[in-house]
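A quick write-up on the structure given underneath.
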Amino acid sequence: MPHANNVETRAMQIVQLLKETYPESHVTLKARNPFEVLVATILSAQSTDAQVNRVTQTLFRKYRNAESFATTDLHQLELDIFAVGYYRQKARYIQTTCQMLIQQFDGKVPRTMDELLSLHGVGRKTANIVLTRAFGIVEGIAVDTHVFRISRRLELTAGSTPEKVEQDLMKILPKQLWGIINQLFITFGRHICQARDPQCNICPIVSLCPYGQRQN
């Protein structure tokens, strides 16, 4: 891996170019309040935002708060979210999390990293997204599959876990950029830097990408 200072400079250049390339990049997961952000983010694992939005359009009319999710029949909840991946596991996560919200947080979504991580099925990625999107609090970088893949492909990190990738990115990027990395990399990953067939020939940051340079 290049010297740390070079990585920091390159990382800043990459983010700036992606901001210029995708000025309209925005969150596509639909949610109207912190509770909906939490549930939608849990549902979004291994599923597209479009899939989740189709499900939550009906789901959030049927279940309006933590109590309604906590007390519903689990099998019915599974049927209600059947269209997203891993629906059985996610139904259990959502129901248990909502029960914990009622028991420990008066039915409200907590506003700290530690409290969010105490909820069943909530890891750092989900917690970071909830804090940033629901409360405007930035404590880290949400590392999903796009951020994990692209950061390693760009050789900004050699981390083998999302947690290590997050730590490495936080070291080389200023905190004021942490909150936008996830959405920028998602947009970039969907349009250009796909997992199996990255479009290096039209990539706006290919000159800053060791992987892309090796394809030429």
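Here, each number is a calculation from the coordinates, and none is a lab measurement. These numbers were taken from a predicted model, which means no experiment stands behind them. Here the Cβ is made from the backbone with ideal geometry for all residues, glycine too, and neighbour counts use every protein chain on show.
How large is the charge dipole for the chain, taken about the Cα centre, if only the Cβ atoms of Lys, Arg (+1) and Asp, Glu (-1) carry charge, to the nearest 20 debye?
Using only the charged Cβ atoms, the result is roughly 300 debye.
Karplus couplings for the stretch 84-95 from phi (6.51 cos²θ - 1.76 cosθ + 1.60, θ = phi - 60°), rounded to Hz, Gly and Pro as x?
My calculation for the stretch 84-95 gives 9, x, 6, 5, 5, 4, 5, 4, 5, 4, 5, 5 Hz in order.
If each Cα of the stretch 34-135 is one equal point scatterer, what is log10 of I(q)/I(0) from the Debye formula at q = 0.19 Å⁻¹?
-0.87
Over the chain, one equal point on each Cα, no solvent: what is log10 I(q)/I(0) by the Debye formula at q = 0.09 Å⁻¹?
Taking Cα atoms of the chain as identical point scatterers yields -0.38.
What's the angle, to the nearest 10 degrees (0 to 90), between helix 124-135's Cα axis and the longest principal axis of the chain?
Once rounded, one gets 80 degrees.
In whole Hz, what ³J(HN,Hα) sequence does the stretch 61-73 give by Karplus (6.51, -1.76, 1.60; θ = phi - 60°), x for Gly and Pro?
So the J values, rounded to whole Hz, are 7, 7, 10, 9, 7, 4, 4, 5, 6, 5, 9, 6, 5.
Quick one: give the max-minus-min coordinate of the C-alpha atoms of the stretch 88-216 along each principal axis, largest first, in Å.
57, 34, 23
Count of lysine pairs in the chain with Cα atoms under 24 Å apart, counting only pairs 8 or more residues apart in sequence or on different chains?
The number of close lysine pairs in the chain is 17.
Taking only the alpha-carbon atoms of the stretch 96-144, what semi-axes of the equivalent ellipsoid follow from 5 times the gyration tensor eigenvalues under a square root, in whole Å, largest first?
19, 11, 7
So for each of 154-162, 97-105 I average, over its residues, the number of other beta carbons within 10 Å; can you give me the resulting order with the highest mean first?
97-105, 154-162
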